[in-house]
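See structure below.
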Amino acid sequence: MPKMKTHRGSAKRFRVTGTGKIMRSKAYRSHILEKKSQKRKRNFRHETQVATADYKVIARNLGLR
């Protein structure tokens with residue numbers, strides 16, 4: 001069997017922590033920012049953990065399984 005290739009689009013969007021969690025950045029931060037409150041925009045900066053439903057597919061794309 002050949003080696004599994006990393007899905008390059010996924011590699012740019014997700015990162016794996018030292019404990020094995022997959023982190024993603026939040027959506028809705030790219031444009032139309034005037035109407036969004038400062039608190040809301042500030043909270044977009046933080047990463048969040050990938051949903052359990054998506055974990056298996058993303059892990060495979062990143063070459064973890």
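Just for the range 20-32: of the residues that are touching a helix residue (DSSP H, G or I) at 6+ places or on another chain (Cβ under 8 Å) and either open to solvent by less than 60 Å² (accessible area, probe 1.4 Å) or among the hydroxyl-bearing types (Ser, Thr, Tyr) (or both), which one is farthest from LEU64 (Cα to Cα)?
Filtering the range 20-32 for residues touching a helix residue (DSSP H, G or I) at 6+ places or on another chain (Cβ under 8 Å) gives 22, 24-26, 29.
From the residues that got through so far, the ones that are either open to solvent by less than 60 Å² (accessible area, probe 1.4 Å) or among the hydroxyl-bearing types (Ser, Thr, Tyr) (or both) too are 22, 25.
Working: ILE22: 10, SER25: 19 Å.
By that ranking, first place goes to SER25.
Touching a Phe, Trp or Tyr at 6+ places or on another chain (Cβ under 9 Å), in a loop (DSSP other than H, G, I, E, B) and open to solvent by 80 Å² or more (accessible area, probe 1.4 Å) - does that describe any residue in the range 42-61?
Within the range 42-61, not a single residue is touching a Phe, Trp or Tyr at 6+ places or on another chain (Cβ under 9 Å), in a loop (DSSP other than H, G, I, E, B) and open to solvent by 80 Å² or more (accessible area, probe 1.4 Å).
Out of the residues in the range 1-19 that are at pLDDT 95 or above and in a loop (DSSP other than H, G, I, E, B), which is most open to solvent (accessible area, probe 1.4 Å)?
Quick first cut of the range 1-19, residues at pLDDT 95 or above only: 6-19.
Within this subset, residues satisfying the condition of being in a loop (DSSP other than H, G, I, E, B) are 6-7, 17-19.
Values: THR6: 57, HIS7: 97, THR17: 35, GLY18: 91, THR19: 119 Å².
The residue in question is THR19.
The values are calculated or read from the model by the stated rules, or taken from the named source; none is laboratory data. Because the structure is predicted, anything quoted here is derived from the model rather than measured. We place every Cβ from the backbone using ideal geometry, glycine too, and count neighbours over all the protein chains shown. With ligands, DNA and RNA removed, areas are computed over all heavy atoms of the protein, side chains included. Shrake-Rupley method; radii C 1.70, N 1.55, O 1.52, S 1.80 Å.
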